[in-house]
1. Among the numbered criteria (1) under 29 Å from Thr18 (Cβ atoms); (2) under 16 Å from the mean Cα position of the chain (by Cα), which single criterion is violated by Ala46?
2. Return yes or no: is Asp86 of a type in the set (Asp, Glu) and in contact (Cβ under 8 Å) with a residue 40 or more places away in the chain?
3. If the Cβ limit is 8 Å and pairs must be 6+ apart or interchain, which residue in region 28-45 that is under 24 Å from Ala9 (Cα atoms) and open to solvent by less than 70 Å² (accessible area, probe 1.4 Å) pairs with which residue that is at pLDDT below 75 and in a helix (DSSP H, G or I)?
4. Ser11: under 17 Å from the mean Cα position of the chain (by Cα), over 25 Å from Trp112 (Cα atoms) and assigned to a helix (DSSP H, G or I), yes or no?
5. Working only within region 30-81, note down all residues that are over 17 Å from Leu106 (Cα atoms) and of a type in the set (Lys, Arg).
6. Quick check on my filter: what residues within region 14-48 are assigned to a loop (DSSP other than H, G, I, E, B) and modelled with pLDDT under 90?
7. Suppose we filter Arg50, Arg64 for residues that are open to solvent by 80 Å² or more (accessible area, probe 1.4 Å) and touching a residue at least 12 places away in the same chain (Cβ under 8 Å); which single one remains?
8. For region 86-132, how many residues are open to solvent by 70 Å² or more (accessible area, probe 1.4 Å), closer than 17 Å to Asp54 by Cα and part of a loop (DSSP other than H, G, I, E, B)?
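The values are calculated or read from the model by the stated rules, or taken from the named source; none is laboratory data. If you're wondering where the values come from, they're calculated on a predicted model, not measured in any experiment. Every residue, glycine as well, gets a Cβ built from its backbone with ideal geometry; the counts of neighbours run over all protein chains shown. Protein only, heavy atoms only, side chains kept; ligands, DNA and RNA dropped before computing areas. Shrake-Rupley method; radii C 1.70, N 1.55, O 1.52, S 1.80 Å.
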Amino acid sequence: ASWIQHLRALSADSPGLTSRLTIEITETAMIRDFAKVGAFVDEVRALGCRVAIDDFGAGYTSFRHLKSLHVDVLKIDGTFISELPDDEPSRIIAGTMIEMAHALGLVTVAEWVTNAAAAAFLRDAGVDYLQGYFYGEPRPVEELPHLAPARTG
């Protein structure tokens, strides 16, 4: 509740802020209290944020949950991506998740993309966004000159 209040205060001071935010909810958070998560999703969407289910397919979120929550983005768990494109079951599962998400009007993100062959397979399968070490490893903000705080003095 305090996080939502903080977001409301920030968005009041910066009106365009929420339209640029995507709030990620992990599958494990959803199993704790599904009703509370549903209310949270509705509330942040009402503020203008998009909502993503992170690690979809890891085992906690059922298709019933996917249907019930009003999310915008489905992030496919990296365990289905890490063996692409060589593993046939992974190809089938990833392709099916992408197709299903798009049929539900959701944007798709593939996690753990580590090589060009996996990226090519996923692009051909229609994934919307690719995320993973193939594109870059996490780095401290200080190493990103275009994002680092300006230095004075």
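1. Of the numbered conditions (1) under 29 Å from Thr18 (Cβ atoms); (2) under 16 Å from the mean Cα position of the chain (by Cα), the odd one out for Ala46 is (2).
2. no
3. Val37/Ala29; Val37/Met30
4. Here the answer is no, as Ser11 does not meet what is asked.
5. If the condition is that a residue be over 17 Å from Leu106 (Cα atoms) and of a type in the set (Lys, Arg), then Arg32, Lys36 are the ones that fit.
6. Of everything in region 14-48, those that are assigned to a loop (DSSP other than H, G, I, E, B) and modelled with pLDDT under 90 turn out to be Ser14, Pro15, Gly16, Leu17, Asp33.
7. Only one candidate qualifies: Arg50.
8. So the count comes out to 4.
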